[in-house]
Every structure is written in structure tokens, then in C-alpha cells.
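Worksheet: one structure, shown below.
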């Protein structure tokens, strides 16, 4: 461990110790304050007596709890990751067949067919005219004579402007 990590671990240990002390003292003072308050109310006394201890105890309890959360943040985070990753992995495995089906529907082999620009019909990749509407699917480039898609603005073979 390098010096930075050693200092970090020492600081974390101090935060945890201070947190436990504050939580303990805060809990004791809060209990004393509430017990004193309810005892004085049961006896009919008008003074709040020991209730003032709870005004010191409750903030100490809160600050101590906050320090403990900071001190144990890494441990809590790692526990949370371990617990949730198992569930997440299980759900991903359950969803994988459905996701694969959806992905396959988007990734159909587009080289097997050509879609007509006029009606959207799938035609064989060698078709020159649409089997549904008769529109031109492939045309020849006026510059090089190669076959290109009917909606092309430039020839994919020679790069010339078609339309």
C-alpha cells in the first residue's frame, strides 16, 4: 500500500471510531432526555428537567450516523453491487432470448433482398423491377454503365452524380 492509501485507511478508521462514539453518546443522552421528560410529565411536574439532554443527544446521534455512513461507504457500496449484480445478471439472462429475437429482426441479412423505394416490398437482390408495383429497382449509371439502386444520387462505382 502506498502512503496515500495508508493515510486514507487511517482517516477512515478515525471517522468510524468517532461515529461510533457519537452514536453511543447521542443515544444515551437522547434516552436520558426522553425518559426524564416522560417521568416528569407522569409526575405532573411543569419543568422539562432532563429533556435538554435530548437536544444535545439527537444531533450527536445524527452526526455519528452520518460519520458511520461515510466511514463504511465503500463496504456498503460493494455489498450493494454484489447483491444487485446477481439479480441484474439473472434478469439479463432471462431477457437474453427475447433481446436476441428483437436484435435478429433488425439484423436480418439485408443482402438477400432489395426494398422497393415506391411501395416498400421486399424483392430478390437481382430484381430490376418491383414484383408488386413494377417500379424500377436497379438502373444503370449514365457515366460508367454499372448497375445502381434507383434512389442513388451518386454512382457507388464511379462517384458521378446520377440525378
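Residues considered: 14, 128, 73. Largest GNM mean-square fluctuation over the chain, using C-alpha springs under 10 Å, is found at 128. The translational diffusion coefficient of the chain, from Stokes-Einstein at 25 °C and 0.890 mPa s with a Kirkwood hydrodynamic radius over alpha carbon pairs, comes to 102 µm²/s. Against the chain, whose longest principal axis is taken from its Cα atoms, helix 52-71 shows a tilt of about 40°.
With neighbours defined as other Cβ atoms within 10 Å of a residue's Cβ, the residues 41, 60 order from fewest to most as 41, 60. Here 40, 160 are placed in order of increasing Cβ neighbour count within 10 Å, fewest first, which gives 160, 40. Fewest neighbouring Cβ atoms within 10 Å first, the residues 28, 148, 102 line up as 102, 28, 148. Normalised by the number of residues in the chain, the mean separation of alpha-carbon contacts (under 8 Å, six or more apart) gives a relative contact order of 13 percent.
Bear in mind that the values in this text are calculations on the coordinates, not laboratory data. Values in this document were obtained by computation on a predicted structure and should not be read as measured data. Positions of Cβ are backbone-derived with ideal geometry, glycine not excepted, and every protein chain shown enters the neighbour counts.
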